[in-house]
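The values are calculated or read from the model by the stated rules, or taken from the named source; none is laboratory data. From a predicted model like this one, the values you see are computed outputs, not experimental measurements. In this analysis, Cβ positions are derived from the backbone assuming ideal geometry, glycine residues included, and neighbour counts consider all displayed protein chains. Each accessible area value is taken on the protein alone, full model and side chains, heavy atoms only, with ligands, DNA and RNA left out. Shrake-Rupley method; radii C 1.70, N 1.55, O 1.52, S 1.80 Å.
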Amino acid sequence: MALYSETVMDHFRNPRNVGVIENADGVGEVGNAVCGDIMKIYLKIDGGVISDVKFETFGCGSAIASSSMATEMIKGKPVEEAMALTNRAVAEALEGLPPHKLHCSVLAEEAIKKALEDYYQRRGQS
Ligand code: FES
């Protein structure tokens, strides 16, 4: 059995939403101290809806695939919905990750939450 699903390989080879948003409304950066991977998420939010999202991930293939999938899942969604995104949902959308790679999807959940917290903080709503 292949270790990684076709969906993981697709998002790893052709990651969606890679890049930076200048003047983003929220930015979140997280890292995993054990593997040393770093993920940064940029959000553009208009009227409570995520109108654009980009990521920069310095990390493993699963972290890149998780960032790509997670950004696709929150694009065009209300901030409340993005806040509720779990790593489990990201891993499921990727058709699974090997157990020792599940923490890569946790990084995506955490980076999005941190970017949203930054957004709320800037608006004085934290
Ligand atoms: Fe740490 Fe993938 S090995 S994020």
Note to self: Quick query: amide H of Ile50 versus all other amide H atoms, modeled in the peptide plane; which residues come in under 5 Å with a sequence gap of 5 or more or a different chain?
What the structure shows: Gly76, Lys77, Val79
Check: Just how many pairs of Lys in region 27-126 have C-alpha atoms closer than 17 Å, counting pairs that are eight or more places apart or on different chains?
Finding: 17
Note to self: In whole percent, and with a 1.4 Å probe on the protein chains, what portion of the accessible area of the chain is carbon and sulfur?
What the structure shows: 52 percent
Next item on the list: Measure out, as a whole number of angstrom, how far apart the alpha-carbon centroids of region 5-33 and region 98-112 sit.
Entry: 12 Å
Check: What accessible area per residue comes out for region 13-81, rounded to a whole number of Å², with a 1.4 Å probe?
Finding: 46 Å²
Check: Which of the peptides 7-16, 102-111, 28-37 is most tightly packed, and how do the rest follow, going by the mean number of other Cβ atoms within 10 Å of each residue?
Finding: 102-111, 7-16, 28-37
Margin query: With bins 5 Å wide starting at 0, give me the P(r) of the chain over every alpha carbon pair, in whole percents.
Written below: 2, 13, 24, 25, 19, 11, 5, 2, 0, 0
Check: Non-local amide H neighbours of Gly26 (under 5 Å, H modeled in plane, Pro and chain starts lacking H): which ones?
Finding: Leu43
